[in-house]
Amino acid sequence: MTPKRRILIVGGGTAGWLTAAHLAKALRLAERPHLELTVLESPDIGIVGVGEGTFPTIRTTLQFLGISEPAFIRDTAATFKQGIRFVDWGRAPGAAGARHAFFHPFEAPYYAEDLNLVPYWLLQDEAAREPFARAVTLQQRVAEAQRAPKRAGEAPFAAPLNYAYHFDAFKLARLLAERARQLGVHHVQGTVTDVVLDERGAIARLETAEAGRFEADLYVDCTGFRAELIGRALGSGFKSARRHLFADRALACKLPDPAPDDPDAPLESCTIATAHEAGWLWDIALNGARGIGCVYSSDHLGDERAAEILRGYAGPASRDLALRSIPFAPGYRERQWVRNCVAVGLSAGFLEPLESTGLVLIEAAVGMIAEMLPHSGPMEAPARRFNELMTTRFDNIINFLKLHYCLSGRSEPFWRDNAEPATLPERLAELLEQWRLRPPGRFDFVLDTETFAFFNYQYILYGMGWRTDLGAAREDFPQAAQAERLFAKIHRFADRAVADLPSHRSLIRQINAGT
Ligand code: FAD
């Protein structure tokens, strides 16, 4: 008889429930009576409940879990996300109100088989050319026109333009919990009060106040910032990223949608990230609400000033609204899998909200656990490999996030400190040197451990005004006329897409009405 195998997931936030549902599906829980998956969740400790933006990989995840797109959109107050509009990152707003802005779309630059448009854009006259993202894809113009990335009849999760979603984080955790339970996952309420280790230092059992003791073959720590198992009990060290990424606090609030019933009211299909004197603000349009948050470095900004910045941005509607303060330490655990315990979600690490990497890290971790978990025997070798891959992934995200901060020409101390060469990760500094003479390319990155591709770097670099000088190599790019025709074609396609695609508001209304 196959011996019983138990996986205990501690924590009922997005990480806990996503891990549970994913493992239930990937390990075929319903067909394996010897396998038991349980989520143990404290009835007293709430979930963090922030994180309203995500990444296109969520579509594959939802599809894998068997959650339909309309159900997801209805149940989580979701809207479509086509990228991020960055405002004031390159320079502070001018006296005359002139503002620096650029778009980071999900869609890759248009790529013709025999012609890479990027060098041709770089060789164009700087004063006359279109902004990078606008020149190389349709998506910026579609998002600017507040169009949806797809039509109503389009297949679920598919579209002509790449997209993700914005959603209510509490509602997402609830939806994932419901799906995990349908897939056969047990749910127990209890707060872990003690973690007992065996003679090898592995977890022998957990004690809870309400539900007694729990023993398992694998313990998944999804206890959020508390990191009860991986941190407190097993003492896995925390590697701070603060010398690169300074933000360590967020203030968050939710405003009601000012015009929920107006079918013509604009509804953004991108996150708006506006830089301020010591960090940035997120602005996310949900269906029926607007999530706004102020991210900042406590070394550079006091809490009161942060609240003032947030209320100044959100306007009079936020005057009496309670703000939630969320301190965080940017960084990660170097060993996220230790013996029979693996951390997923905030317990494994968190860098900051920029570019919405929380959920995507959960997806990466749980995908690996499902494939790497040995059917029997010791876990040391997969744990070593998992740790190697996850820490590289975290380091790569640090590089990408730092890129947003280190290129700014803003003069406030936060931004000046961010541009100090000593605060750049070595690899990023090395790449930036190379990107002075050539654009980022795919061989700069090892794709299996990357969340962001070379074109994501291109969007940020050229959006921020970085100069890659191809002047001396002009002769190497003789297809300028063909490139110009392609740029014009992208422009025409964008005109057509703006005319053909439904407004974002109307598509969301239609999906919610079930028509
Ligand atoms: P939590 O939600 O904190 O859940 C922890 C769970 O553990 C709870 O159920 C709690 O009851 C349980 N627990 C704790 N201690 C015990 C115990 N002793 N016994 C039993 N149970 C226990 N991610 C994105 O993808 N996009 C974003 O835009 C984004 N923005 C963010 C903004 C901020 C300010 C922050 C802080 C995070 C953001 N994130 C974002 C990250 C995202 O919020 C998290 O990755 C996600 O919510 C997962 O959280 P979690 O499940 O790990 O932890």
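The values are calculated or read from the model by the stated rules, or taken from the named source; none is laboratory data. Predicted, not measured: the structure shown is a model, and the values here were computed from it. Note that we place each Cβ from the backbone using ideal geometry, even for glycine, and neighbour counts take in every protein chain shown.
Brief remarks on what is shown
- Pair list, Cβ under 6 Å, 6 or more apart: the range 1-28 residue surrounded by 24 or more Cβ atoms within 10 Å (Cβ to Cβ), other residue basic (Lys, Arg): 21/179
- Odd one out for residue 301, checked against (1) touching a Pro at 6+ places or on another chain (Cβ under 9 Å); (2) modelled with pLDDT of 95 or more; (3) away from the ligand (no atom under 12 Å from the Cβ): (1)
- If only residues of the range 15-68 that are hydroxyl-bearing (Ser, Thr, Tyr) and out of contact with any Cys (no Cβ under 7 Å at 6 or more places or on another chain) are counted, the one that is farthest from the ligand (Cβ to nearest atom) is 68.
- Scanning the range 191-211 turns up no residue that is more than 10 Å from the ligand (Cβ to nearest atom) and under 20 Å from residue 326 (Cα atoms).
- Elements of type strands (runs of 3 or more DSSP E) contained in the range 297-345, each with 1 or more residues being of a type outside the set (A, V, I, L, M, F, W, C) and at positive phi: 331-333
- Taken together, the residues in the range 268-296 that are in a loop (DSSP other than H, G, I, E, B) and surrounded by fewer than 21 Cβ atoms within 10 Å (Cβ to Cβ) amount to 2.
- Among residues of the range 45-68, those that are in contact with a strand residue (DSSP E or B) (Cβ under 9 Å, 6 or more places away or on another chain) and more than 15 Å from residue 174 (Cα to Cα), counted: 7
- All of (1) touching a Lys or Arg at 6+ places or on another chain (Cβ under 7 Å); (2) within 14 Å of the ligand (Cβ to nearest atom) hold for residue 78 with one exception: (1).
- Wholly enclosed strands (runs of 3 or more DSSP E) of the range 5-108 bearing at least 3 residues closer than 30 Å to residue 461 by Cβ: 79-81, 83-87, 101-105
- For the range 228-247, residues that are within 12 Å of the ligand (Cβ to nearest atom) and crowded, with 20+ Cβ neighbours inside 10 Å total 5.
- Whichever residue in the range 346-361 is in a loop (DSSP other than H, G, I, E, B) and polar (S, T, N, Q) and, among such residues, is farthest from the ligand (Cβ to nearest atom): 357
- Test for residue 176: is it at pLDDT below 95, outside any strand (DSSP E or B) and crowded, with 21+ Cβ neighbours inside 10 Å: no
- Near pairs, Cβ below 8 angstrom, 6+ apart or cross-chain, from the range 179-191 (in the same structural domain as residue 220 (by TED's automatic domain parsing)) to any residue that is surrounded by fewer than 20 Cβ atoms within 10 Å (Cβ to Cβ) and hydroxyl-bearing (Ser, Thr, Tyr): 185/38; 186/38; 187/38; 188/38; 190/208; 191/208
- The residues on offer are 196, 220, 188, and the sole one that is assigned to a strand (DSSP E or B), more than 19 Å from residue 345 (Cβ to Cβ) and aliphatic (A, V, I, L, M) is 196.
So that you can scan it fast, the table gives a plain yes or no per residue for (1) surrounded by fewer than 18 Cβ atoms within 10 Å (Cβ to Cβ); (2) under 18 Å from the mean Cα position of the chain (by Cα); (3) assigned by TED's automatic domain parsing to the domain that holds residue 207:
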position: 33; (1), (2), (3): yes, no, yes
position: 49; (1), (2), (3): yes, yes, yes
position: 54; (1), (2), (3): no, yes, yes
position: 66; (1), (2), (3): yes, no, yes
position: 99; (1), (2), (3): yes, no, no
position: 102; (1), (2), (3): no, no, no
